[in-house]
1. Out of the residues in the range 117-145 that are surrounded by fewer than 19 Cβ atoms within 10 Å (Cβ to Cβ) and within 25 Å of K88 (Cα to Cα), state the one that is nearest to the chain's Cα centre (by Cα).
2. G200 passes all but one of (1) assigned to a loop (DSSP other than H, G, I, E, B); (2) at pLDDT 95 or above; which number fails?
3. Among what's in the range 103-116 and is acidic (D, E) and within 19 Å of N58 (Cβ to Cβ), pick the residue that is nearest to the chain's Cα centre (by Cα).
4. Within the range 188-203, is there a residue that is over 26 Å from S78 (Cα atoms) and either buried (at least 17 other Cβ atoms within 10 Å of the Cβ) or without any contact (Cβ under 8 Å) to a residue 12 or more places away in the chain (or both)?
5. Taking the range 88-100 as the search range and keeping residues that are in contact (Cβ under 8 Å) with a residue 24 or more places away in the chain and surrounded by fewer than 17 Cβ atoms within 10 Å (Cβ to Cβ), which one is farthest from Y69 (Cα to Cα)?
Amino acid sequence: MTWTVAAAGWTPSPPFMTSLIRTLLFIVMALANPVLAQQADSPSWWQTANNHVINIMNTGTHDLYLSGYIHHGRGTYSEERIKELNEKDAWGLGIGKTVRNDRMNDESLFILGFNDSHYNLQLMAGYAYLWVWPIARTGFEVSGGLSALLISRQDYFGGFPFPAVLPVAAVGPKKAKLFFSYVPRLSGNKGNGDVLFVFGRISFD
């Protein structure tokens, strides 16, 4: 499978896309992960990040992602625009792997596809680092952090994957959490605004 950038007349190969994804994940892992950030000026940081990915894939729990709701900011979208957008039928499915590291925080790799605001397929693949705070004696946890990902949408770049770094938060027991990811307003146009994406994750040992 290939992706074509019509304006440039360039068709990147699957190996190129694999390298691009790994490069994006490694760079943001180094920024989001305190341990890797301390090693970013070392020639070995790339290998450290690579080992990180391998560790998540080999030892992480298996994750199932389910989505179903997108909330568009009422203060940044007009009422007319909101009526045109999909909010309650953002159904989707994804898979991933998660590791609880030695700092008792979560690191995840994931891929997810869902029905976006315009009723089109949106694909996302990336890495997330979440700091975890247990709620004493309840079995529940509150988490917050960053997600670095590649996104493919039909209304941006003709579906060609583009990088993004977004805040993400979660609440729930370790093996069944409700997630929230926030996309800030990037334009002053009343027809465009901020978005809250809500999805769930179930983890299996």
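1. By that ranking, first place goes to L123.
2. G200 satisfies every listed condition except (1).
3. Filtering first and then ranking leaves E107.
4. Yes.
5. Among them, the one singled out is R100.
The values are calculated or read from the model by the stated rules, or taken from the named source; none is laboratory data. It should be emphasised that the depicted structure is a prediction, and the values quoted were computed from it without experimental measurement. Don't worry about glycine lacking a Cβ; one is built from the backbone with ideal geometry, like all the others, and counts go over all protein chains shown.
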